[in-house]
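What follows is one structure encoded as structure tokens, with my remarks underneath.
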Amino acid sequence: MRRREFIGLVGSVAATWPLAARAQQSTNVRRVGVLFAAYSEADRAGQARITAFTKSLDGLGWGEGRIRIDYRWGAGNGERLRALATELMQSAPDVIIAVGDPALSLLHRLKSNIPIVFTQVSEPVDSGFVASLARPGGNITGFQNFEPAMGGKWLGVLKEIAPGVKRVGVLFSSDAAFHAMFLRATENVAASLNISAVVVDIQRELEGPIAKYAGEPNSGLIVLPHPQTIANRGVINSLAVRYRLPTIYPYRYFAADGGLIAYGPDQIDQWRGAARYVDRILKGEKPADLPVQAPTKYELAINLKTAKALDLTVPPQLLSRADEVIE
């Protein structure tokens, strides 16, 4: 072969190699889909969870060029969520993160073999998503939100910060089967505290049922976790202050956004765990072999500005237990 032809051949191979390498790299990029039931893209709480998730993935070696994450934002809209669930499933990612009971329920009904890791799901066994916490079976595993007894714990904390409460309304959505377990636990504890528990069904409307409930004195509220309550937490906070209803919420960011008091699991920590599960699944492990994990850390947040607006004095012992006090 002549020298000029040889140089030309080498140049041709060199020119085509980057294209081939890029093509091979693109086929090796793994895809993760995230389906949010409650959050909108502009919601700071949703963005905080994404930040924790992506930073954890990056630390596990899934940096830029190795993984692509597609987000779907339900923003508390049931019809939109159904369409997004179908769309995400049809896109066939390697793993799906389901955020919230409604998101997981929709994906579960679509009956796919795509691995699913859930967060913010309250009762995965009774809901039929997994066979057991230790041995999930199937293609679903993840991080449990609350145990049924949490309903009673919320009432106990509410009574601490507002001892004058004689009547508690439970913001309840009849389309959420897991709400029934929280309600039963609340009713059991309410009887021991000589408090009456009232169902405030907000499935179809939010402001009207709360206004109707608020007509009697010495009333308070328990806000259950649900896309409707998460997406509309600003409205609920405003109504609680307007009608002078001491209210307890399930997640820290409710208090950060103006709610009186919040008690619930550290979800940011659970999102780091979700990243570890995604890493293990992408490396070949099966969801069936990854146990569902319960919360290990809970957060208590108190908003002193809201307490003052409700003429409440927060007991020192409650303040000393708080993980965050918002001035």
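The values are calculated or read from the model by the stated rules, or taken from the named source; none is laboratory data. It should be emphasised that the depicted structure is a prediction, and the values quoted were computed from it without experimental measurement. Positions of Cβ are generated from backbone atoms using ideal geometry, with glycine treated the same way; all protein chains shown enter the neighbour counts.
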Fill in the blank from the handout: Counting only strands (runs of 3 or more DSSP E) entirely within segment 159-229, those with at least 2 residues that are over 22 Å from THR119 (Cβ atoms) and of a type in the set (Gly, Ala, Ser) are 196-201, 219-223
Exercise for the section: Give the number of residues within segment 270-302 that are more than 19 Å from GLY61 (Cα to Cα), assigned to a helix (DSSP H, G or I) and aromatic (Phe, Trp, Tyr). Expected result: 0
Handout entry: Exclusive hit being buried (at least 20 other Cβ atoms within 10 Å of the Cβ), modelled with pLDDT of 95 or more and either within 21 Å of PHE178 (Cα to Cα) or of a type in the set (Lys, Arg) (or both), set ALA301, ALA274, ALA262, ALA240
Key = ALA262
Practice task
Mind listing whichever residues of segment 243-267 are in a helix (DSSP H, G or I) and of a type in the set (S, T, N, Q)?
Solution key: GLN267
Exercise for the section: Being surrounded by fewer than 19 Cβ atoms within 10 Å (Cβ to Cβ) and part of a helix (DSSP H, G or I) is the filter here, so list the residues in segment 73-85 that pass it. Expected result: GLY78, GLU79, ARG80, ARG82, ALA83
Handout entry: Out of ARG167, ARG204, sole residue that is touching a residue at least 40 places away in the same chain (Cβ under 8 Å), out of contact with any helix residue (DSSP H, G or I) (no Cβ under 8 Å at 6 or more places or on another chain) and not assigned by TED's automatic domain parsing to the domain that holds LYS111
Key = ARG167
Practice task
Could you grab me the full set of residues in segment 270-281 that are within 28 Å of ALA149 (Cα to Cα) and either without any contact (Cβ under 8 Å) to a residue 40 or more places away in the chain or touching a strand residue (DSSP E or B) at 6+ places or on another chain (Cβ under 8 Å) (or both)?
Solution key: GLN270, TRP271, GLY273, ALA274, TYR277
Problem - Whichever residue in segment 194-232 is closer than 24 Å to SER105 by Cα and loosely packed, with under 14 Cβ neighbours inside 10 Å and, among such residues, is modelled with the highest pLDDT - result: GLU205
Practice task
Search segment 86-141 for residues being hydroxyl-bearing (Ser, Thr, Tyr) and part of a strand (DSSP E or B), and hand back the single one that is surrounded by the fewest Cβ atoms within 10 Å (Cβ to Cβ).
Solution key: THR119
Practice task
Of the numbered conditions (1) hydrophobic (A, V, I, L, M, F, W, C); (2) surrounded by 22 or more Cβ atoms within 10 Å (Cβ to Cβ); (3) more than 16 Å from the chain's Cα centre (by Cα), ILE326 fails exactly one; give the number of that condition.
Solution key: (2)
Handout entry: Any hit, segment 154-162, residues being at pLDDT below 95 and crowded, with 18+ Cβ neighbours inside 10 Å
Key = no
